[in-house]
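Visitor: Next up is a structure, given as structure tokens.
The values are calculated or read from the model by the stated rules, or taken from the named source; none is laboratory data. These numbers were taken from a predicted model, which means no experiment stands behind them. Cβ coordinates were reconstructed from backbone atoms using ideal geometry, including for glycine residues, and neighbour counts include every protein chain displayed. Heads up: the accessible areas ignore ligands, DNA and RNA and are worked out on the full protein's heavy atoms, side chains in. Shrake-Rupley method; radii C 1.70, N 1.55, O 1.52, S 1.80 Å.
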Amino acid sequence: MPNKLVFVTGNANKLREVKEILSSYGIEVDSKDLDIPEIQGTTQEIAIAKCRAAADLLNGPCITEDTALGYHALHGLPGPYIKPFMLALGHEGLNALLAGFDSKSATAICTFAYSPGPGATPIVFEGRTEGQIVPARGPKVFGWDAVFEPLDTGLTYAEMPKDQKNKLSHRYKALAKLKEYLSTHKE
């Protein structure tokens, strides 16, 4: 298993979480902020395309990530387009999208892609956490964390201590699968 990975991201909050989670497995994370166009598609299609482009630009192995938030009442939307929805609507607007719907259920999805290098087909690792959309609670500093409350927790991601979030989040679940893969495959 490699003891060092390059995570292609410009998001300091994602980088911090990934470093915290992977350090518990003894994996060090470096980051590169590359300008990679993001295609439209499913979370898996987006993650694979980003990872393939990143591996080519870096001329080496890397991981990329795509995050989605799917509202059950909206048949999975905004999904992988949550970032522009969040930027345009804010926390209150994300709640308003569900006005008139009985269901406030949502799924947080994190899709990591790993490439051993240029020309290789990236391998995808997906984590999901079920929850609901609630009025914003907690610090509003990391995307939609303040409006997503995982089932049976009574807390939004934003209200949780980091160690609690990092043991149940969609990102943690995807990274656990990546770690398992890396520990059983030698590239």
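Visitor: Calculated FRET efficiency, HIS75 and THR153, Cβ-Cβ r, R0 22 Å, to nearest 0.05?
Guide: Working from the Cβ atoms, E equals 0.35.
Visitor: Label points 7 Å out from Cα along the Cβ direction at ASN13 and ASP35: separation in nm?
Guide: So the two model labels end up 2.5 nm from each other.
Visitor: A further question on this structure: For the range 1-75 and the range 86-118, compute the distance between their C-alpha centroids and round to whole Å.
Guide: Answer, in whole Å: 17.
Visitor: Oh, and also: Working out 0.36 nm times the residue gap between GLU20 and ASP56, then minus their Cα-Cα distance, what length gain in nm do you get to one decimal?
Guide: 10.3 nm
Visitor: For the range 81-175, run through the GluC sites (Glu not before Pro) and keep only the ones in DSSP coil with at most 12 other Cβ atoms within 10 Å of their Cβ.
Guide: Here no loop site has a sparse enough neighbourhood.
Visitor: List, in order, the whole-Hz ³J(HN,Hα) value for each residue of the range 12-18 obtained from phi through the Karplus relation with A = 6.51, B = -1.76, C = 1.60 and θ = phi - 60°; use x for Gly and Pro.
Guide: 4, 5, 4, 4, 4, 5, 5
Visitor: Another one. Over the chain, calculate the relative contact order: mean separation of alpha carbon pairs under 8 Å at least 6 apart, over the residue count, as a percent.
Guide: It rounds to 20 percent for the chain.
Visitor: Would you please give the FRET efficiency between GLU28 and ARG128, computed as 1/(1 + (r/R0)^6) with r the Cβ-Cβ distance and R0 = 35 Å, to the nearest 0.05?
Guide: 0.85
Visitor: Additional query: Determine the shape class of the range 1-62: with a ≥ b ≥ c the square roots of the Cα gyration tensor eigenvalues, call it rounded for a/c under 1.5, and otherwise prolate if a/b is greater than b/c, oblate otherwise.
Guide: prolate
Visitor: Could you pull out every one of the lysines with an alpha carbon less than 19 Å from that of LYS32, ignoring same-chain neighbours closer than 8 positions?
Guide: Straight-distance partners of LYS32: LYS4, LYS14, LYS19, LYS50.
Visitor: Relative contact order for the range 82-167 using alpha-carbon pairs under 8 Å, separation at least 6, rounded to a whole percent?
Guide: Answer for the range 82-167 is 23 percent.
Visitor: Each residue of the range 78-88 in order: what ³J(HN,Hα) in whole Hz does its phi give by Karplus 6.51 cos²θ - 1.76 cosθ + 1.60, θ = phi - 60°, with x for Gly and Pro?
Guide: x, x, x, 9, 4, 4, x, 4, 4, 5, 7
Visitor: For LEU89, tell me the accessible area in Å² from a 1.4 Å probe, rounded to the nearest 10.
Guide: 80 Å²
Visitor: Shifting gears a bit: Step through the residues of the range 26-34 one at a time and calculate ³J(HN,Hα) from phi using the Karplus curve (6.51 cos²θ - 1.76 cosθ + 1.60, θ = phi - 60°), rounding each to whole Hz and writing x for Gly and Pro.
Guide: x, 9, 8, 10, 9, 10, 9, 9, 9
Visitor: Right, here's the next one. Give me the distance in nm between label points sitting 7 Å out from Cα along the Cα-to-Cβ direction at THR121 and LYS162, one decimal.
Guide: Distance between label points: 3.8 nm.
Visitor: Just HIS72, HIS91, HIS170 to compare: in a GNM of the chain, with alpha carbon springs under 10 Å, which one fluctuates most?
Guide: HIS72
Visitor: Oh, and also: Hey, could you pull the Cα Rg and Dmax for the chain, both in Å?
Guide: 16.3, 51
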